[in-house]
Amino acid sequence: MITVICPCYNAEKYIDKTIASLLDQISVNFRFEIIFVDDGSTDNTLELLNNSKQLFNAKDIKIKIISQDNYGAGAARNKGIKSASFEYLAFLDADDIWMKTKLQVCHDFIIKNKESNLFSHNEKYIKLNGNNILLKNGRFKYESISKSLYLKNSLSTSAVIVKKSLLIDHGYFDTSLKSSQDYDLWLKLSPYIKACNIEITLGEYHEIENSITSKYYLFRFFDQLIIAYRYRKYVNFASFLKKILKILASKQWVLGLFNFKKHGF
């Protein structure tokens with residue numbers, strides 16, 4: 001019924017919690033599989049994944065562990081998509097966790113909403129200081145999902161389940177982008193999306209300490225410009241121009257140049 005795809009890169013500090021949340025999933029009347037794709041980790045992530053096999057086997061949960069060179073999360077997800085056995089795909093980043101009822105609740109919504117091909121739910125955003133914010137995903141301001149997503153992304157990768165055929169027919173994650181690959185995918189799929197919004201909090205998105213480099217900020221800056229131009233047909237010229245100006249006015253390229261001058265790439 002559902003294939004869970006989890007890309008992992010140097011996630012040894014938090015992958016145990018992600019694995020535990022998957023082991024705790026309640027599945028009363030359906031089967032699911034999990035595909036971990038290790039994206040060339042240089043720490044003990046792959047070892048931890050391999051050590052978890054017996055735990056999943058003990059619960060009769062089908063698991064695949066795929067290893068590849070470091071091509072990025074989009075390429076890892078694409079490999080998982082192509083290896084998926086089931087009709088629906090759920091994405092879980094290695095630093096996020098799900099509530100134990102996540103897959104069962106989503107399964108029940110899928111069964112009751114056969115006309116839908118994308119399902120999304122709410123999640124908690126847990127900040128480093130312990131504070132949390134409720135992210136209400138899957139809300140579209142306009143009748144046009146394409147216009148709504150162009151003006152504001154309301155889909156979170158770890159809170160989406162999508163019908164596999166939607167990606168097979170209309171495209172995968174764009175690995176030529178260095179960031180924002182998920183946002184690009186939702187915009188690409190948007191003309192064909194038949195959405196079902198699940199008004200339940202079923203996951204947690206955790207802020208983690210990392211070193212954001214000048215490369216990240218500059219890549220994100222340029223990728224957002226590419227995406228804004230690529231899907232400009234979804235909105236009128238005024239909205240397109242406003243989005244471009246918003247990106248140019250953001251601090252991303254300033255931080256990128258500052259860090260580049262200070263630290264280099």
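Here is how the numbers come out for the structure above:
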item: Among the candidates 157, 175, residue that is in contact with a strand residue (DSSP E or B) (Cβ under 8 Å, 6 or more places away or on another chain), modelled with pLDDT of 95 or more and not aromatic (Phe, Trp, Tyr); result: 157
item: Complete set of residues in the stretch 6-48 that are buried (at least 23 other Cβ atoms within 10 Å of the Cβ), of a type in the set (A, V, I, L, M) and over 18 Å from residue 101 (Cβ atoms); result: 11, 15, 35, 37
item: From the options 133, 126, 145, residue that is modelled with pLDDT under 95, under 24 Å from residue 246 (Cβ atoms) and not polar (S, T, N, Q); result: 133
item: Test: residue in the stretch 49-66 that is outside any loop (DSSP other than H, G, I, E, B) and surrounded by 21 or more Cβ atoms within 10 Å (Cβ to Cβ); result: yes
item: Candidate set from the stretch 164-182 (those that are assigned to a helix (DSSP H, G or I) and in contact with a Leu (Cβ under 8 Å, 6 or more places away or on another chain)); member that is surrounded by the fewest Cβ atoms within 10 Å (Cβ to Cβ); result: 170
item: Residue match in the stretch 204-212 (condition: over 21 Å from residue 74 (Cα atoms) and touching a residue at least 12 places away in the same chain (Cβ under 8 Å)); result: yes
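The values are calculated or read from the model by the stated rules, or taken from the named source; none is laboratory data. Please read these numbers as outputs of a predicted model, since none were measured by experiment. Heads up, the Cβs are rebuilt from the backbone with ideal geometry, glycines too, and the neighbour counts pull from every protein chain shown.
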